[in-house]
Structures are given as structure tokens and as C-alpha cells.
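What follows is a set of notes on a single structure, which appears directly below.
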Amino acid sequence: MNLTPDEGKLFYDLYAALLSFVNRKLEVSSEQFSDSREYTSIPPEARVAIRNALFDHRELIDEFVAENPAKLKAEELEIVGTWKDALPGKFYVFRYLKKYTVFLASGGLPNNAYGVLGLADPFEEVIGPSLPRLVTTVLLPFQGKIIYDGLVSGYNITFGGGIKRTLNEEYKQAKEAFGIITSLGDQAAPLPVKKMSKRRPRRATTAVGGRSSSAQAKALAEELIEMTDAFCQEFLNEEYAELCRKLALALASKRPSPLLRGKPETWACGIVRTIGWVNYLDDPKQKPHLRLPLIDRTFGVAESTGQGKSKAIRKMFKIGNFDPRWTLPSKMDDNPRIWMLEVNGFIMDVRHAPREVQEMAFKKGLIPYIPADRAAIGEEE
């Protein structure tokens, strides 16, 4: 589903006016434009550069609204003002539905599913019929809906059955936790990050009149995500934070959810410990590197308690060493469990196998992508 022609024209008129203002302020590009027709005629790389500069300097949106150089109406300025809640980043274009196209957040963004409208052309024409597709774009609020900004770049990656199953599970978890988000406001902001403190975090209420167990689990997962985000920001990185969010939501989606029993800080500790265990966080050769007992001390739990909770989580989800589902994306290429397969009775690293063998393994969902394709992309770059 797209915006109406009038809505599409309004968007481009407002967006071009704002980006023209940004370009004059920051001198990003020598390309000059004063209206939407001229804006759409400049090279795409110039539009992307100006767009990126805008969202690196969102304060310019307030300046634009205050100065109103384009002499916009009050209701038009109100629309532009909402773009401070824009969500730039990487997304999986996951599913075409009648009302909207579903985008799954990726690359460090909160694990949400967004219902996004197209502009002039349907997404099937812009993205193509084959999904999922990994893209970079900006999601914008527009009159109570979510649109993209007309600038989208895709990645030449074909996903196998394993990745597709993972995305299906993430979609299911996102729907259960938050539903499909169809407007941007508070949701566009990153999950709040709190510095770790020695005080025990506030525990979400687990018994409220009429409150379902799934709602209780969702509230607890949100609290755990705040805690693990804070830890990862201080000691680890965004890759760890994203996998911790994924695991917290997975725990919340189980029926009955184990989060309804036990202390939040113990669960948060167990989550971080589990992701660290899979990725050999305590190996001094790894970057980042951290001794696992530090996780226990930071969350204020005994080492034996942290170990026990991590073991319980691993048993619950059948998580083993080098588990592909919980491997950091940056370590995926080096994970032997992903690439060691039995071929004609012999164990071999499929990355060194002929392309036809790689294609067969990919079609069966045994590997996340065809290594020969990734190697070819790297050579082109």
C-alpha cells in the first residue's frame, strides 16, 4: 500500500525543502535545488549524503521549523517537526501485506517490526518480489503513518533456510512483544540505557488484576533489555546488546515464560553470560574480552547463581558451542560449526567446497549464505 498521490507530493515537497535548508547550512553537496522536482533530479549519491547529514544533525529540524524559510503552513511545519523521530538504519524487508510492507529492524536497532507504506511506486517494484531483502533506508513518521524517505540501498545477499527461519522467529517475537508498529514517536528512540548501579533494579509487577501472563512476561523482558543494554554499553558492544535483546524476547515468548519466576537481575546476568559463553567472551584473544565472573558481580549475583542461570537458559534453547543462532555477526565467518558439513561421508569446511556443493547446502538451509558469493562481493569492493 502506498501514500495517495496528494500525500506523496506533500511529502516530497516538505522533504526537499528541509534537505535544501540542510545543504545550505552544512554545504554537503554542490548540487543545488529549491523544490521537489529539482531535488529528485540530482544524483542519488548527493541526496543520500544530504539525508545522512540531516540525521547526524537533527537539531537542524528545529532550526528549519523556527526559521520557516520555505514559508510552510503551520500543519506542514508540524509534519516536518515529527521527523526528529526518524529511524535510520538497516532493515530486513520481510513481508508484503495488504495494508503495508513489514520491515524488521536490524543492525543494532530495537528488535521491532514496522508496517511501512510506499511512496509513488509499490515496494514490490522498488525492492523486488524476492524476500527477505536487507536494505538501508530511513523510516519517517508521516500523518500518523510510517513511510520511508524514498532513498533505499540493498545488499546483494541471498538468504538460506536457516536465516529465513531465524527471521520468522524474530518476526513472531516482535509481534507478540509489541505488535506491528505503524506509527513513530517514542518508539523511534533507542531503548533507554541506564548505568549499572549497585542498587537492585525495580522489578516489574507480576500480579496486576486482570493482567495476562504474556503481558507480565513482556514487561519483564523490557526491564531485562534495559539492564542488558546498560551492561553492553559499558563493557561490550552493540552486537552483544542485540543478541541479548533477542534472547530476552525469546524467554518472554515461551509459554509459560520462565521470566515469571526468579529475580530480574539473575535473568539479566544469565542472558549476558549465555551470549558471552557462545562467543568465548572470556578468551583473552577475543575483542571485546571479559571474564564471566565480572558479569555476576556487576549484576549483584553470586557466581554459582550466574553460572546456573546461564546453564538453564542453554538447556532451555538447546544452545551449544558456536551455536549459529547466537553467534555475533562479526564472528559468523569464523564459526566452524556453521561451515563444517559431511559431504559424501567426509567432514569438510564447505567454504572450500565447489560452488555447486555450497549451493546445495544453502538450499537445504545448512549454511546462512553462499560463501563464493560473499567472496565475490568482497573482491568487487
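Annotations for the structure displayed:
- Evaluation of VAL102 against the conditions (1) assigned to a helix (DSSP H, G or I); (2) of a type in the set (Val, Ile, Thr); (3) closer than 28 Å to LYS254 by Cβ shows that the sole unmet condition is (1).
- Filtered by the rule that a residue be of a type in the set (Val, Ile, Thr), over 15 Å from TRP326 (Cα atoms) and crowded, with 22+ Cβ neighbours inside 10 Å, the stretch 229-273 gives no residues.
- Of the numbered criteria (1) under 30 Å from the mean Cα position of the chain (by Cα); (2) closer than 23 Å to PRO122 by Cα, the one SER36 fails is (1).
- Options LYS164, LYS175; residue that is closer than 21 Å to PRO324 by Cα and either of a type in the set (S, T, N, Q) or modelled with pLDDT of 80 or more (or both): LYS164
- So LYS73, is it within 21 Å of GLY115 (Cβ to Cβ) and out of contact with any Asp or Glu (no Cβ under 9 Å at 6 or more places or on another chain): no
The values are calculated or read from the model by the stated rules, or taken from the named source; none is laboratory data. All figures in this text were calculated on a predicted structure; none of them were measured in a lab. Virtual Cβ from ideal backbone geometry, glycine too; neighbours counted across all protein chains shown.
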